[in-house]
1. What number, rounded to the nearest 500 deg cm²/dmol, is the helix-based mean residue ellipticity at 222 nm of the chain, given -39500 (n - 2.57) per DSSP H run of at least four residues and division by all its residues?
2. In the chain, which longest range has no GluC sites (Glu not before Pro) that are both DSSP loop (not H, G, I, E or B) and surrounded by at most 16 other Cβ atoms within 10 Å?
3. Count neighbours as other Cβ atoms within 10 Å of each site's Cβ, and list the trypsin sites (Lys or Arg not before Pro) in region 43-101 that are DSSP loop with at most 13 such neighbours.
4. Please turn the phi angles of region 131-137 into ³J(HN,Hα) values with the Karplus equation 6.51 cos²θ - 1.76 cosθ + 1.60 (θ = phi - 60°), one per residue in order, whole Hz, x for glycine and proline.
5. What shape does region 2-82 have by the C-alpha gyration tensor, where a ≥ b ≥ c are the square roots of the eigenvalues, rounded means a/c under 1.5, and otherwise prolate means a/b greater than b/c and oblate the rest?
6. Which ordering of W18, W89 is given by a fewest-first count of other beta-carbon atoms within 10 Å?
7. Add +1 for every Lys or Arg and -1 for every Asp or Glu among the other residues with Cβ under 13 Å from the Cβ of E21, and state the total.
8. Apply the Karplus parameterisation 6.51 cos²θ - 1.76 cosθ + 1.60, with θ equal to phi minus 60°, to every residue of region 101-118 and state each ³J(HN,Hα) to the nearest whole Hz, in sequence, with x for glycine and proline.
Amino acid sequence: MVTKLVGSISTRLGSTAWSMEGTAARVEERRGHVEVLGFTVRNGAPETFLVKARRVVCAMPLFVASGVLPQLGEYGFNAHRDLPSRAPWLVSNFLIDGMPDEMQGVPLSWDNVVYQGEGLGYMVSTHQDIRVSPPRRSVFSAYQALSTGDPDDTRR
């Protein structure tokens, strides 16, 4: 959808100079226009920007939209009624020295699931580091869905 919109607008304007990368943090309707507070990272530093438009298409999950669009309730959205309950997750990060031993012919995957385990698995968080040999240190992140009880009770 985004590709089609960008193509259509760029064709109409004859340029792609209008396009910018970023993430919407807040979308608010004002009289006669919509303001989008966005942010991006340039040269390693966060940077905010404001876009004013006549209309905005918000293509995001409702639980995200409920935090980005403060006026969403005016369109009939009720988070308690319209969002399914979701199990919380426990995320643990482990700084490890070296890399674990691997089985012969079975290299470590960046995303791993423990056979018959209760957790969602773990990932090698440094898997995108560019290197020619295993690193001296790495970070593994493990994920556990706390889904055995009622999500609201579990959060409390």
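1. Numbers: 4 runs with 28 residues, N = 156.
It comes out at -4500 deg cm²/dmol, rounded to the nearest 500.
2. Details: sites that count: E21, E102, E118.
The longest uninterrupted stretch comes out as 22-101.
3. Values: sites: K52, R54, R55, R81, R86; in loops: R54, R55, R86.
Passing sites in region 43-101 are R54, R55, R86.
4. 7, 9, 9, x, x, 6, 9
5. Working: a/c = 1.95, a/b = 1.46, b/c = 1.34.
Prolate, because a/c is 1.5 or more and a/b exceeds b/c.
6. Numbers: W18 9, W89 12.
Fewest-to-most Cβ neighbours within 10 Å comes out as W18, W89.
7. On the way: positive: R42; negative: E47.
So the environment of E21 carries a net charge of 0.
8. In residue order, the calculated couplings are 5, 10, 5, 4, x, 10, x, 5, 8, 6, 10, 10, 10, 7, 4, 6, x, 8 Hz.
Here, each number is a calculation from the coordinates, and none is a lab measurement. If you're wondering where the values come from, they're calculated on a predicted model, not measured in any experiment. Please note: Cβ atoms are built from the backbone with ideal geometry, for glycine as well, and neighbour counts cover all protein chains shown.
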